[in-house]
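Just below is one structure, and these are the notes that go with it.
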Amino acid sequence: MLPHLLYANAPVPLLTGWLFSVACQHTVAAPYGATRVYIFEALGGCLGGVFTTAMLAGGAADESVLLCAAILPSLSLLLHYTPRRYPPAVLPLVSILAAILFNLDIRVQGYTNLKNWSQTLPAEGYQGSFVTPQARSLYGSINGQLNIAARNAVCESLPDQEHGGSIAALHLAQKPNPRRVLVFGHGALGTCLALQEIDSICEVAWLTPDPSYASIACKTLLPALPSNDRKLRTPQQDLRRYLREQDSQLDLIIILLPDNTTLSLNSYLTQESFGLMARRLHRDGVLGVRVAGGENVMGTALANAGASILHTMQTAFAHTTLKPGEDTWILGSHAAGRLTTEDHELYARFTSIPRHDAIYPPRAIASLYPLDRIAFQLGEYRALIDAQSDLLLNTDKRPRALTFALLFMAQRAAPFEVSSTLMTVLLRHGMWIALCGVMLYALLRAIYIHRTAQPHDEGCNVWRTYDTCFLVASAGWVGLSLSIMLIYMLQSTLGDIFLFAGLMTSLYMLGLVAGGSLTHAFIGHHPVHARKLLVAAIAAQALLMGILVMTPLPPSHAIFALLFFVAGASGGIYVPLASAELYKVGLTGLATGSAIEWSDHLGGAAGAALTGLFLLPVLGTGATAVIMVLLLLVNLFVLSINTPTTP
């Protein structure tokens, strides 16, 4: 997947990097020309984010968005090379308009849909597709079985009495005759249909990580099934928002999610989420959460992931147990005696439900709860919890989504003892290791500056040029890291962000425009105060990160919109300062643009990769913020060293 993403995205940054440098070359006569190009680039990013979000919100396909977006660069080519001077300049625009006129995007979409469907199911069963903000889903029928597929996997399959019925049965054996049920996750429609056959149930609410998916899936599949009592509801809300706004108590909550390996899924399995579920669950109610397990053995990564969910759930529920297996279900309840693993008790509870045999064979209930496997898995989990409970607790501030996935990858590259010890060291001391690395760089850079200093030579400033580029790179690093932190907190607080992320990123880019424009105007009139402006930018970003870490953010889109704008405005100060510094030492417009562009992109790439894969999932938001602030302060320290420049 990652190589394909690199191949698909590489042409765009290559083109923009080239255009940025060329544009700076054309503004060489104007001081600080790179700043103006940077401001226009950020403005274009803002408008592009709004345009793409609007089209996706309207249900446009990816191919249609790409074709419409290609009109703008083709127009710019036409404006630069008029048809009279260069007739072929009109060909790109004409080709794009012809493709739109003859519905080439729709044809390509149909071909792509059929190809993706054929990778999972027979091609003759394909019937159509629907689009939600998160994905394009395909649907069809194979031998009388209705299917929905997305991301090269089958999401729903009806009838689904075996799988859906077993999930419903293992929960009904713990909580027979519930009234109100909440089911969360893709692939749960069969479970919902099995539950609504229970006479005591008056409502089954089905939510998914993609809030629009459940409603569209029901409209697509259910009309083809025999008519029955529709107790199923599909509120188009995120799980955490639904739980906050729900007034009535729930009797049963079923969380059916894939392995917790992304920050987006992690927000549903944190201490804060389980706290919301505990408040909305009836005193006698039951919560069930699916995690990956094992039939006979469990690797360290699987054991840690399951122990993390169990330990986190125990902070909200007084009583817990589990149903073992490859699909392990960890169960929680407030009431003593509600959860049981005794064969006769499970059988008695399940058979007390009218028409229970239509859901699942009652004699098979005991096979879902083998006592020896329960004892083995609980023993594994509890041993890990006793040894490292502080490292297993999953919270919004310290997400554990990728931690155990990283451990699994480390085990493939190194022996168990090495990988496990390394992960433990990183979890406990990772922040201090990173801080030592940043401070070591500052020390070595200061030593280098003093050791290589020579008598002043006007116009030559080799070391300052390097430090200016490092300032831009570190600002790009911090800017991308701050954006990732804000997007993660937005999702943790408000839920689904796949459309809002585009708008919030556009606000960040608009903040870059505002910050860059104001800084450009300020240093044009007060160049001697550039150092003070740098201090103000670092202080603003440090204050913003402190607010994110120390203050509980309210669930408000307006608050997050303001935070994204302020983050962009504070981050937009650095490039004008760097452009002015590079202009002073005599760099050409092309050299200035190239230096700023590669430094900004290199820092942004490093920040996005390390923050998303290591800093945030392993160290948490607090440690990540401290490291980012120190990285900015290193620039202030290095640039403040008054040493004669190097020729």
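General remarks:
- Of the residues making up the stretch 393-404, at least one is open to solvent by less than 20 Å² (accessible area, probe 1.4 Å), of a type in the set (Lys, Arg) and at pLDDT below 85.
- Under the condition of being crowded, with 23+ Cβ neighbours inside 10 Å and over 24 Å from Leu631 (Cβ atoms), the residues counted in the stretch 561-592 number 1.
- Members of the stretch 32-44 that are modelled with pLDDT of 85 or more and open to solvent by 30 Å² or more (accessible area, probe 1.4 Å): Arg36, Phe40, Glu41, Leu43, Gly44
- Counting the residues of the stretch 205-247 that are at pLDDT below 85 and either out of contact with any helix residue (DSSP H, G or I) (no Cβ under 9 Å at 6 or more places or on another chain) or more than 16 Å from Glu156 (Cβ to Cβ) (or both) gives 9.
Residue-by-condition table, conditions (1) in a loop (DSSP other than H, G, I, E, B); (2) not small (Gly, Ala, Ser):
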residue: Glu124; (1), (2): no, yes
residue: Gly128; (1), (2): no, no
residue: Ser137; (1), (2): no, no
residue: Glu156; (1), (2): no, yes
residue: His163; (1), (2): no, yes
residue: Ile167; (1), (2): no, yes
residue: Lys175; (1), (2): yes, yes
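- Failed condition for Ile523, given (1) within 25 Å of Thr588 (Cβ to Cβ); (2) under 31 Å from the mean Cα position of the chain (by Cα); (3) crowded, with 21+ Cβ neighbours inside 10 Å: (2)
- Residue ID - modelled with the highest pLDDT, chosen from residues in the stretch 9-31 that are of a type in the set (Ser, Thr, Tyr) and open to solvent by 40 Å² or more (accessible area, probe 1.4 Å): Thr16
- Of all residues in the stretch 350-373, those that are in a helix (DSSP H, G or I) and closer than 21 Å to His163 by Cβ total 12.
- Each residue in the stretch 422-448 was checked for being of a type in the set (Val, Ile, Thr) and either at pLDDT below 70 or farther than 21 Å from Ala307 by Cβ (or both), and 3 of them qualify.
- Any chance Val204 is part of a strand (DSSP E or B), open to solvent by less than 10 Å² (accessible area, probe 1.4 Å) and in contact with a Lys or Arg (Cβ under 6 Å, 6 or more places away or on another chain): yes
- Val131 surrounded by 15 or more Cβ atoms within 10 Å (Cβ to Cβ), in contact (Cβ under 8 Å) with a residue 60 or more places away in the chain and more than 30 Å from Asp284 (Cα to Cα): yes
- Qualifying residue in the stretch 189-196 (condition: touching a residue at least 60 places away in the same chain (Cβ under 8 Å), in a helix (DSSP H, G or I) and small (Gly, Ala, Ser)): yes
- The number of residues in the stretch 359-382 that are over 20 Å from Leu287 (Cβ atoms) and open to solvent by 60 Å² or more (accessible area, probe 1.4 Å) comes to 8.
- Flag if Ala98 is at pLDDT 85 or above and exposed (fewer than 14 other Cβ atoms within 10 Å of the Cβ): yes
- Test: Leu78 is touching a strand residue (DSSP E or B) at 6+ places or on another chain (Cβ under 9 Å), in a helix (DSSP H, G or I) and farther than 30 Å from Thr519 by Cα: no
- Note on the stretch 596-635: among residues that are open to solvent by 40 Å² or more (accessible area, probe 1.4 Å) and at pLDDT below 85, the one that is nearest to the chain's Cα centre (by Cα) is Leu613.
- Enumerated helices (runs of 4 or more DSSP H) restricted to the stretch 224-306, each holding at least 3 residues that are touching a Gly at 6+ places or on another chain (Cβ under 7 Å): 239-245
- Per-region count, the stretch 318-339, residues over 24 Å from Arg279 (Cβ atoms) and open to solvent by less than 60 Å² (accessible area, probe 1.4 Å): 4
- Given (1) among the polar types (S, T, N, Q); (2) open to solvent by less than 30 Å² (accessible area, probe 1.4 Å); (3) under 27 Å from Leu193 (Cβ atoms), index of the condition Ser264 fails: (2)
- Only one of the numbered conditions (1) closer than 24 Å to Glu597 by Cα; (2) open to solvent by 50 Å² or more (accessible area, probe 1.4 Å) is not met by Ala540, and that is (2).
- Annotation note: of Tyr347, Tyr381, the sole residue that is part of a helix (DSSP H, G or I), within 37 Å of the chain's Cα centre (by Cα), at pLDDT 90 or above and aromatic (Phe, Trp, Tyr) is Tyr381.
- Ser141 passes every criterion in (1) within 31 Å of the chain's Cα centre (by Cα); (2) at pLDDT below 90; (3) assigned to a strand (DSSP E or B) apart from (1).
- If the condition is being touching a helix residue (DSSP H, G or I) at 6+ places or on another chain (Cβ under 7 Å), in contact (Cβ under 8 Å) with a residue 60 or more places away in the chain and within 16 Å of Gly379 (Cα to Cα), then the stretch 300-340 contributes Thr300, Ala301, Ala303, Asn304, Ala305, Gly306, Ala307, Ser308, Leu310, His311, Lys323, Trp329.
The values are calculated or read from the model by the stated rules, or taken from the named source; none is laboratory data. In this text the structure is predicted, and so the values were computed from the model without any measurement. Heads up, the Cβs are rebuilt from the backbone with ideal geometry, glycines too, and the neighbour counts pull from every protein chain shown. Surface accessibility is based on the protein's heavy atoms, side chains included, excluding ligands, DNA and RNA. Shrake-Rupley method; radii C 1.70, N 1.55, O 1.52, S 1.80 Å.
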